[in-house]
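Engineer: Below is one structure. I have some questions about it.
Read-outs throughout are calculated quantities, based only on the coordinates presented, and are distinct from any laboratory measurement. Just so it is clear, the model here is predicted, and its values are computed rather than measured. Note that each Cβ is placed from the backbone with ideal geometry, even for glycine, and that neighbours are counted across all protein chains shown.
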Amino acid sequence: MKTSLIAPSILAADFANLQRDIEMVNNSEADWFHIDIMDGVFVPNISFGMPVLKAITKHATKPIDVHLMIVNPDQYIETFAALGANILTVHYEVCNHLHRTIQAIKAAGMKAGVALNPHTPVAVLEDIIADLDLVCIMSVNPGFGGNLS
């Protein structure tokens, strides 16, 4: 089993040449595609919507890791499963019933992950860590690609 995975963020792609950039990742040593979905509510920016994700999954040959930076992710779990997400990561900070959300993600046939904002202590995952397939510890506040602040 690999100890580390490479998951390039499609947020860094050239949107005018999205298929070309997807093919580049397909042909690379990368393990997954990382897709950031932002709603302009939980984070101050907006990124991809459902039609763009559908276009990405049409061409991607590697697993799709979808990172939801949105409020109320529960209402979209089935939608992201239908669009081809293999891994669905939600933010701890927006899930009122995290265990229920994780179980719903798994019931929809996806692996489940949780992301933590920089100031959220990892101890909040103590009771659920055994149920998770992925933990994303943010080093910056989420909301912008290439954020170095």
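Engineer: What length, rounded to one decimal in nm, is gained on full extension from Asp14 through to His59, with 0.36 nm per residue of separation minus their alpha-carbon distance?
Structural biologist: 14.7 nm
Engineer: Express in whole angstrom the spacing between the alpha-carbon centres of region 1-32 and region 34-113.
Structural biologist: Answer, in whole Å: 17.
Engineer: For the Cα atoms of the chain, what angle does the longest principal axis make with the long axis of helix 98-107, in degrees from 0 to 90, nearest 10?
Structural biologist: Helix 98-107 sits roughly 40 degrees off the main axis of the chain.
Engineer: If you don't mind, there's one more thing I want to ask. How far is it, in nm, from the label point at Asp127 to the one at Glu23 when both lie 7 Å from their Cα along the line to the Cβ?
Structural biologist: Reported label-point gap for Asp127 and Glu23 is 5.0 nm.
Engineer: Percentage of Cα-Cα pair distances in region 10-137 greater than 24 Å, rounded to whole percent?
Structural biologist: 27 percent
Engineer: Let me have the relative contact order for region 1-81, percent, based on Cα pairs under 8 Å that are six or more residues apart.
Structural biologist: 32 percent.
Engineer: Given an 8 Å cut-off on Cα distances and at least 6 residues of separation, report the relative contact order of region 10-137 as a percent.
Structural biologist: 19 percent
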